[in-house]
Amino acid sequence: MCHKKTLFFSFTLFFVVLWSSCEGNFKEVQKSTFSEFNPSGEADSINIKYTDSGKIKSILVSPKMLDYATVKFPFTEFPKGVNVTLYDDHARKTFVTANYGVSFKDSNIIDLRGKVKITNETGQVFETDQLYFDKKNEWFYTEKRYKFTDPKGVSYGEGVDFSKDFKIINSQSVSGEVQANN
């Protein structure tokens with residue numbers, strides 16, 4: 001009888017130790033996974049000017065920026081929205097706003113989401129829920145529904161890509177009324 005109690009006690013002790021060590025390892029794994037997505041940098045109320053050859057190319061303003069430079073695929077997140085002013089070679093401005101943005105460093109792609117709106121000095125307005133911007137080629141694109149307002153009319157569509165100055169627009173599906181040039 002004593003032998004059975006000792007054996008039972010030994011098994012119980014063995015499982016308690018085993019369970020404790022597994023939980024300890026699990027907590028370590030959780031910590032390492034969690035810490036991987038902690039931002040390596042954080043900033044409030046940012047105003048960044050990007051220049052090339054002494055000319056301002058764009059100005060980025062955001063209430064919050066989180067930088068994830070140490071993860072496998074580094075990115076910068078703007079969780080509280082972003083406002084960007086883009087300048088062309090003649091200092092003409094294009095304004096971009098979104099409720100959320102993330103910039104992927106390796107691909108030079110920016111993902112804008114939530115009430116994305118682009119306006120320019122000629123009165124053109126583009127609105128959608130999600131829009132990508134290819135920084136290298138200065139090209140916008142989306143597969144989402146959009147609305148494009150121009151002094152000549154309004155058009156709606158789904159799926160479009162265009163240059164940052166709206167000079168080249170490739171639409172997949174479009175409807176609306178646009179005044180023709182005479």
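The values are calculated or read from the model by the stated rules, or taken from the named source; none is laboratory data. Predicted model, so just to flag it, every value in this text is computed and none were measured. Because the Cβ atoms are built from the backbone with ideal geometry, glycine has one as well, and the counts that use them run over all protein chains shown.
Which one is farthest from residue 110 (Cα to Cα), of the residues in the stretch 37-69 that are hydroxyl-bearing (Ser, Thr, Tyr) and touching an Asp or Glu at 6+ places or on another chain (Cβ under 8 Å)?
40
Within the stretch 47-93, work out how many residues are of a type in the set (Lys, Arg) and part of a strand (DSSP E or B).
So the count comes out to 5.
Considering 62, 58, which residue is assigned by TED's automatic domain parsing to the domain that holds residue 167, modelled with pLDDT under 95, within 18 Å of residue 116 (Cα to Cα) and not aliphatic (A, V, I, L, M)?
The conditions single out 58.
Evaluate the following for residue 27: is it at pLDDT 90 or above and either outside any strand (DSSP E or B) or of a type in the set (Lys, Arg) (or both)?
no
Could you grab the pairs with beta carbons closer than 6 Å, sequence gap of 6+ or different chains, first residue in the stretch 81-93 and closer than 13 Å to residue 52 by Cα, second one hydroxyl-bearing (Ser, Thr, Tyr)?
86/58; 86/94
With within 16 Å of residue 126 (Cβ to Cβ) and aromatic (Phe, Trp, Tyr) as the only criterion, which of 95, 104, 75 stands out?
95
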